[in-house]
Amino acid sequence: MITGKYPNLRLRRSRKYAWSRRLIQENSLSYSDLILPIFLIEGKNKKESIKSMPNVFRYSVDRLNSVIAKAINKGIPMVALFPHTETKKKDEYGSEALNPDNLVCRGIEYIKRKFKNKIGVMCDVALDPYTSHGHDGLLKKNNILNDETVEILTKQAVLQAKMGCDVIAPSDMMDGRIGKIRKALDINNLNDVQILSYAVKFSSSFYGPFRDAVGSKKLLKGDKKTYQMDFRNSDESLREVSLDVKEGADIVMVKPGMPYLDIIKKVKDNFKIPVLAYQVSGEYSLIMNGINKNIINKDSIIESLTSLKRAGANGIVTYFANQIDL
Ligand code: PBG
């Protein structure tokens, strides 16, 4: 119950000093809330800039040391690995996804060998970095095959988990993959490996810079509208989450972030489970370009991240994770 009224009640009173504002703040951001995405590239001693993502780089596995050490120092709980696969290794079936010596597998091994459990490693389960057509699944006559794709994703998940991946994150939006992956992990004695489902992933224009970063942008045939969600929908996100939770997801993700604050809140209000938000590449680059051109100041970063927490996110995947001071 809200009591009192002007002039007895003046809400500006508690805003007058910084200490007082801090005292009554309802949400705050800490490094524990952040997950850092890292792009990997073949080669030795490489740190390559990405045109559409200022201040974000692709690293060769041997250059991961300082990035991970910095993240651990800040108290960031987890990194997410994404490979920039060489075009010659891509094919129609995304076969490279199942190569135990692929970039992501080498990345997992390197981090887990050097840093043990000081930081969590999360990996995408999807075929898009590996397919010659840039889709997350198998493409046949302009159709993305669901069940056939899930079979491959299940193998990809088991492989990554065997390599030491802590959190398996299917980002493909095929139906039924969480249950199949959970079962396969359990059969392989990987019952401690978590599943973070990209349960609510919209078909979004905000993924552009990411596709550039992993090298799938020019290859992508058509769009992903037959498997990723229509951005006009809201209730459908509850159906997606409820299925994935029943199938065994430990955590769910809403993606992108800021254009979907209503969805984060709705999911959190309806399911008392851990919910993460992904501040995607397009959101990152918009803010970063705005800062670089002096259109907005850098406080906009914290504001954008805090809005995701206020909406109900327990944590946020963000390319700003290693760049901000909290
Ligand atoms: C691929 C994947 C995408 C992102 C994460 N995993 C892109 C897509 O679905 O096309 C987007 C991340 C970002 O834009 O930052 N399964």
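The values are calculated or read from the model by the stated rules, or taken from the named source; none is laboratory data. On a predicted model such as this, the values are computed, not experimentally measured, just so you know. Here the Cβ positions follow ideal geometry from the backbone for every residue, glycine too, while neighbour counts run over all protein chains shown. Accessible surface areas use protein heavy atoms only, side chains included; no ligands, DNA or RNA. Shrake-Rupley method; radii C 1.70, N 1.55, O 1.52, S 1.80 Å.
Odds and ends about this structure:
- Protection-proxy order for peptides 214-222, 44-52, each taking the mean of Cβ atoms within 10 Å per residue, highest first: 214-222, 44-52
- Applying 1/(1 + (r/R0)^6) with r as the Cβ-Cβ distance of residue 205 and residue 265 and R0 = 30 angstrom yields a FRET efficiency of 0.85.
- Rounded to the nearest 20 debye, the dipole magnitude of the chain is 1440 debye, with +1 charges on Lys and Arg beta carbons, -1 on Asp and Glu beta carbons, and the Cα centre as origin.
- When both the range 302-326 and the range 43-77 are represented by their alpha-carbon centers, they are found 19 Å apart.
- Gain on full extension, evaluated as 0.36 nm per residue between residue 302 and residue 92 minus their Cα-Cα distance, stands at 71.5 nm.
- Label sites at residue 286 and residue 230, each approximated as a point 7 angstrom past Cα along Cα to Cβ, lie 2.2 nm apart.
- Approximate spin-label separation residue 323-residue 310, in nm, with each point projected 7 Å along Cα-to-Cβ: 2.2
- Kirkwood radius, the chain, all distinct C-alpha pairs, inverse of mean reciprocal distance: 20.5 Å.
- Surface share of carbon and sulfur [accessible, 1.4 angstrom probe, percent] for the chain: 50
- With R₀ set to 35 Å, the beta-carbon distance separating residue 220 from residue 242 gives a calculated FRET efficiency near 0.70.
- For residue 56, nonlocal amide neighbours, meaning residues 5 or more places apart or on other chains whose placed amide H falls under 5 Å from its own, are 50.
- In nm, spacing of pseudo-spin labels at residue 14 and residue 99 (7 Å Cα→C-beta vector): 5.8
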